[in-house]
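Taking it in order: structure first as structure tokens, then the write-up.
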Amino acid sequence: MLRGGTDSIEVDVRISHGDREGRLKIMLDSASHLRQDDRDARISRGYLTDKNGVRKIQLPWNRGCESQGLWRVRQAARRDRRTRFTALLHHVTPELLRASYWELNHKAVPGIEGETWTEYRKPVVARSEDLHERVQRGTYRAKPSKRAWIAKTGGQRPLGIAVLEDKIVQQAVRRVLEEIFEVEFVGLS
């Protein structure tokens, strides 16, 4: 349910995370593209979505600014768009890797190792620390992708399915780079 004035809006949303479900009231700014008929809004992967899963607004706590370092990267990119960023890997922290893990699709098909999202979850803190060490030392190597074929009207199309750790690292790097390139995009695009 949506309530509020023109500059801010209070949203009562249903949250589901795995087998847990709950409700949350949040205040959002500049949410003019939300309509009153979005009463069945949900939070999905850091976005407020309507009942059909259409993304309406990116939530403020999921804009990649978990750390002060990422926030400063965004501010530097905003100040001068010609700034060259030469060292960004230190922003890939164990916390960012864990947040990236939680953003992944829980039901995704496993890669060549056969490890599912649920299996990786059990020792996620220790594994994210180990993954962080390997990334920072430069010893992390991406695993080969699992090949699958998708039927198309003109034949078949190959599809590569990455290993879960590769997906986590890709998601973390995407979030760091997003801080730089997000300022380039217009809100209407």
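The values are calculated or read from the model by the stated rules, or taken from the named source; none is laboratory data. Just so it is clear, the structure is predicted and the values come from calculations on it, not from any experiment. We place every Cβ from the backbone using ideal geometry, glycine too, and count neighbours over all the protein chains shown.
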- For residues in region 70-111 being in contact with a strand residue (DSSP E or B) (Cβ under 9 Å, 6 or more places away or on another chain) and among the hydrophobic types (A, V, I, L, M, F, W, C), which is surrounded by the most Cβ atoms within 10 Å (Cβ to Cβ)? Trp102
- Test: Arg137 is within 17 Å of Ala162 (Cβ to Cβ) and either at pLDDT 90 or above or more than 20 Å from the chain's Cα centre (by Cα) (or both): no
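From the list Ser128, Ser100, pick out the single residue that is assigned to a helix (DSSP H, G or I), in contact with a Lys or Arg (Cβ under 6 Å, 6 or more places away or on another chain) and polar (S, T, N, Q).
Matching residue, one of Ser128, Ser100: Ser128.
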